[in-house]
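Worksheet for the structure shown next.
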Amino acid sequence: MSRRNELKQILLRHLLLYGKATRPELVNLTGIRAATVFEAIDELKAEGIIQEPERKGKKTGRKAPELFCSADCCHIVGVELHLTGCTGVIIDANGEVIHSVVHPATERRTLVEVKREILEVLQHLRELAGENWHLVRGLGFADPGLVDIEKNRSIRAVNIPPWQELDTGKMLENASGLPSQIWPEAMVKTRMEFIQRLPDAPESIFNFVTENGIGGGFIKKGELFVGSSGRAMEIGHIVVHPGGVRCQCGNCGCLESVASPAGLAEKIAESRAAGVDLGGLPVKFSMEVFAEYAARNRGVRIIADELCRDLGNALSVAVMLLNPEMIVISGEFASLGTFLTDSLRRELELRCFPEAVKELKIEISTLAPADTARGAAMMMRDRVLLGECGNL
């Protein structure tokens, strides 16, 4: 790649991440002489990738106009497969959602039916796009389980048992006619947590995803950590109870097997069978209701404390190894709110160096339901546009 194209990638990457920037800001970012940066900017403008409002009038001293991506230089599809169905969006080059659809899961979710959900979402999005479908340049997919990113394959999803050992990338390309890439859902969520907090995002965020398939993601200075084989941050498979319940991965006592929503349901069922007084806790309950009962009933509180100890045990490993500035909790347990954040802080204070926890922020995710599909689309958008810069 030429130096000019490397510079154009740097400029475009900044605009894709932050949305807008002035010419002087981009000069300061690169440390390269202004004339060279301006030439690269003008090339990106000529290619229709970025826009710059024209100055009007001769008044001096005004702030330089802000450059931004041309909204219609490309549109991208984003799809998230999740426990309750399939969500799809089309975004413009600025990451704004143009169209969105949700297809609920069928009661009996076989592999054929799961694939049909995805295909129907893609078909619906194509119909919504109409004559603008030609602007769509790629598809990003947020996978609910373990992923081989390099081979573009789905390995296994705990929440959706039929979803395993699939050439998902090829399936999506055949169905949509678009270049497609899959990423783990937790990775996509982590990047969106970072983007949502810009321009004042913390330097590093660990995202703790608490579903039946517990996962994690780590981002520092805007860069996701994926590991040498794309399987980093599998916090759900840290063993917290050696010799305990067998996990689907084959080990015994993994966090995912004892402290997931399914693991919590099993603990409650065992307590009921043993005659423990749970204060009338309903058989079907939300996490908010569980937190309310834990505040006033000793039996439920013991279960909640055990849950938080297990979560804190695994999370302390991430804190000691990564020393993040912020932990964000998403997924089902996020509904426990301050009950969970306060409990986790107490556990981390017991298990970690004080300096690692003193300034640590622990927050509940506020991402919208469609933000994961949108995040997958934004990751594919970056790949498409930055790849074009590298090939010019």
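The values are calculated or read from the model by the stated rules, or taken from the named source; none is laboratory data. Remember, predicted model here, so these are calculated numbers, not experimental data. As a convention, Cβ positions derive from the backbone with ideal geometry for all residues, glycine included, and neighbour counts pool all protein chains shown. For the accessible areas, the whole protein counts, side chains as well, though only heavy atoms, and no ligand, DNA or RNA atoms are used. Shrake-Rupley method; radii C 1.70, N 1.55, O 1.52, S 1.80 Å.
Segment 290-311 and segment 330-388 have Cα centres lying 22 Å from one another. Compared with the alpha-carbon gap, the fully stretched path from Glu127 to Thr36 is longer by 28.4 nm at 0.36 nm per residue.
Measuring between alpha carbons in the structure, the pairs from Lys284/Lys361; Lys221/Lys361; Lys45/Lys220; Lys189/Lys361 lying more than 20 angstrom apart are Lys284/Lys361; Lys45/Lys220. Using θ = phi - 60° in the Karplus curve 6.51 cos²θ - 1.76 cosθ + 1.60, the 3J(HN,Hα) couplings for segment 363-378 round to 10, 8, 4, 10, 5, 7, x, 8, 5, 6, 4, 4, x, 4, 5, 5 Hz; x is entered for Gly and Pro. Between Thr22 and Lys151, the simple spin-label model (points 7 angstrom out along Cα→Cβ) gives 5.1 nm. If R0 is taken as 45 Å, the Cβ-Cβ distance between Leu29 and Gln164 corresponds to a FRET efficiency of 0.55.
Relative to the current alpha-carbon distance between Asp277 and Leu350, full extension at 0.36 nm per residue lengthens the span by 23.4 nm.
Please give the contour-minus-distance gain from His134 to Asp305: 0.36 nm per residue of separation, less the Cα-Cα distance, rounded to one decimal in nm. All intermediate terms of the calculation are to be shown ahead of the outcome.
Working: separation 171, 0.36 × 171 = 61.56 nm, distance 5.38 nm.
The His134-Asp305 span can extend by a further 56.2 nm.
Would you list Glu39, Glu363 from the most to the least accessible area, probe 1.4 Å? Each step should come with its number before you reach the end.
Working: Glu39 90, Glu363 65 Å².
Highest to lowest solvent-accessible surface, that is Glu39, Glu363.
Approximating the spin labels as points 7 Å out from Cα along Cα→Cβ, the Ala295-to-Ala368 distance works out to 2.9 nm.
The distance from the alpha carbon centre of segment 178-204 to that of segment 86-120 is 19 Å, rounded to a whole number. About its Cα centre, the dipole of segment 94-203 is roughly 220 debye, where the only charges are +1 on Lys and Arg Cβ and -1 on Asp and Glu Cβ. The value of relative contact order for segment 4-92, using C-alpha pairs under 8 Å at least six residues apart, is 26 percent.
Label-to-label distance, Val317 versus Lys45, with points set 7 angstrom from Cα along the beta-carbon direction: 5.3 nm. Per-residue 3J(HN,Hα) values for segment 15-32, derived from phi via the Karplus relation 6.51 cos²θ - 1.76 cosθ + 1.60 with θ = phi - 60°, read 5, 5, 7, 9, x, 9, 6, 8, 4, x, 5, 6, 5, 5, 4, 8, x, 9 Hz in sequence order (x marks Gly and Pro). Can you work out the FRET efficiency for the pair Glu359 and Ala265, with r the C-beta to C-beta distance and R0 = 45 Å, to the nearest 0.05? Efficiency at R0 = 45 Å is approximately 0.80.
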